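Report on the following structure.
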C-alpha cells in the first residue's frame, strides 16, 4: 500500500527551498508514495514545476509571482482571511503584541515572523490522516503541521541559520515538541537551531538539498532573448548573483564593491536575478553610485541557468545562509565562486580550493574579484573544482525513509 505523504510549504515562489522541494519530490517513487502538497499562501511560479502525480490541495493554484505587487495584495488578503477564519486570529492578539514588542525592543522588526501563526491557525486543515506530514520551511508551515495536521509521523526542515533569521522560542511556542524528526540542510544550520533547542539534538538529522543537476545543465543551454540586458552588456566581465532582494543578501554592500572595481579601471557589470522588498531602495543606491548601466537588477527569470553559464564569476556575498541552492546551481554548472565567509557558505566553499570565502565588506569583495580577474588560470581551476563537488547525497534519505518504515 502506498504511503500517504503531505508536504506543507509557506509559498510556492521561485526561491531555493521551493526548487529543492520539487527536486526532492521527484526522487520519491510514485509506486510507493501518494504525495499531496499544500501552500499556506496560494501563490507562486513553482506550482507549474510540480510533477503531475502530486495532488495540490490548494484550490485553483495561482502560479503568479509572490514578490510582485499582486503577490503582496494576495498576502494581505490571505492574512485577513486567516485572521477572521472562525475568528481564530483574535486568540493570537496577545501573541502578536508580545512578540511585536520584543522585536521593537531589539530593533529588529520582522512582520513575516509575526504573521506565520495567523496563517497557520487560519488555514483549513485537511481532514485526512497521513503517514507522514512534512513542514518544508520554518515558520508557518512548521506551526501548521505541528498543530493542525493529522499524521502518524511529522517532520520539519531547517533551511536557514535559525537564530540569525530571527526565530525565537516565543514565536515558535512548542511547535518542535510535536515534530518527530527535524532535518537541517547543513551542519551549521543545525547547530544554530540547537542553540535554541538543545533538547532536540537526538531528533535532528542532516538532509542536504537535493538538486536535479541533469536538468540544470540541460536548461543552461537554452538561449537568452537578444533584448535581455545581460546579453546587451558589452563589458569584459559579467558578475552574477541569484537571490531575493532582501536584507539577508547584503546587496547594499555589493553595490559599493562594484564602484570600487570600476574606479580601479576594471570593466565589470554586476547582474542580479531576483525580486524582493528592497528593490526601490537598492535602485536609489545604484543611482547614487552612478552605476545604473553597470549594477543591473534583472528581476526574476523562469530559467536562470543560461545566465550562470555565461557569467564570468558567480558572487554570493550574504549575511547568512542555511545552505544556498544558488551556490549549488553554480557548482553544477562549473562556475568559479566568491562567497562571504558565513554560516552555510563555509560548508559549500573550501577557501582557495573550490572558490574564495571573503569577509562581508565592499573592499574585501572587490579585492577578491580583482584577484580572480587578473588570474584567469585560477578561475579555470575553480571551475574544474566546482564540477567535482559532490552535490547529490542520497544517503541522507535514509533518515527520511525511517519515518515511513
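Rule-based calculations on the coordinates, nothing more; no lab input. Just so we're clear, the structure is a prediction, and the values are computed from it rather than from any experiment. Counting neighbours? That spans all protein chains shown, and the Cβs are built from the backbone with ideal geometry, glycine included.
Expressed in nm to one decimal, what extension gain is obtained for the pair residue 31 and residue 206 from 0.36 nm per residue of sequence separation less their Cα-Cα distance?
60.4 nm
Summary of packing: across the peptides 106-114, 365-373, 13-21, the per-residue average of other C-beta atoms within 10 Å ranks them, highest first, as 13-21, 365-373, 106-114. Size descriptors for the range 214-388, from the alpha-carbon set: Rg then Dmax equal 14.7, 42 Å.
Look at 144, 320, 84 and count the other Cβ atoms within 10 Å of each Cβ; fewest to most, that gives 84, 320, 144. Cα centroid separation, the range 251-284 to the range 139-180: 35 Å.
Note on residue 264 and residue 390: the extension gain reaches 41.7 nm, defined as 0.36 nm multiplied by sequence separation minus the Cα-Cα distance. Between helix 111-122 and the chain there is an angle of about 30 degrees, using the helix long axis and the longest principal axis of the Cα atoms. Its residue count N fixes a reference of 2.2 N^0.38 Å for the chain, and the Cα radius of gyration divided by that reference is 0.99.
Helix 279-288 and the longest principal axis of the C-alpha atoms of the chain enclose an angle of approximately 20°.
Dividing the summed helix terms, -39500 (n - 2.57) for each DSSP H run of n ≥ 4, by the number of residues in the chain produces a 222 nm estimate of -11000 deg cm²/dmol to the nearest 500. Remark: spin-label model distance residue 187-residue 96 equals 4.2 nm, labels positioned 7 Å along the Cα→Cβ axis.
When the inverse distances between all different Cα atoms of the range 3-207 are averaged and flipped, the Kirkwood radius reads 17.4 angstrom.
Relative to the dominant Cα principal axis of the chain, helix 93-105 is inclined by about 30°. Springs between Cα atoms under 10 Å define the GNM used for the chain, and in it the highest mean-square fluctuation of 79, 223, 343 occurs at 223.
Residue 353 to residue 405: extension gain in nm, 0.36 nm per residue of separation minus the Cα-Cα distance?
14.7 nm
Of 72, 178, 60, 280, the sequence from fewest to most neighbouring Cβ atoms within 10 angstrom is 60, 280, 72, 178.
Normalised by the number of residues in the range 298-405, the mean separation of alpha-carbon contacts (under 8 Å, six or more apart) gives a relative contact order of 24 percent.
Take every Cα pair under 8 Å in the range 214-388 that's 6+ residues apart, average their separations, divide by the length, and report that relative contact order as a whole percent.
24
Here the Gaussian network model covers the chain, with springs between Cα atoms less than 10 Å apart; of 182, 349, 253, 253 fluctuates the most. Sorted fewest first by neighbouring Cβ atoms within 10 angstrom, 12, 1 come out as 1, 12. Determine the shape class of the range 358-405: with a ≥ b ≥ c the square roots of the Cα gyration tensor eigenvalues, call it rounded for a/c under 1.5, and otherwise prolate if a/b is greater than b/c, oblate otherwise. Here the range 358-405 falls in the oblate category.
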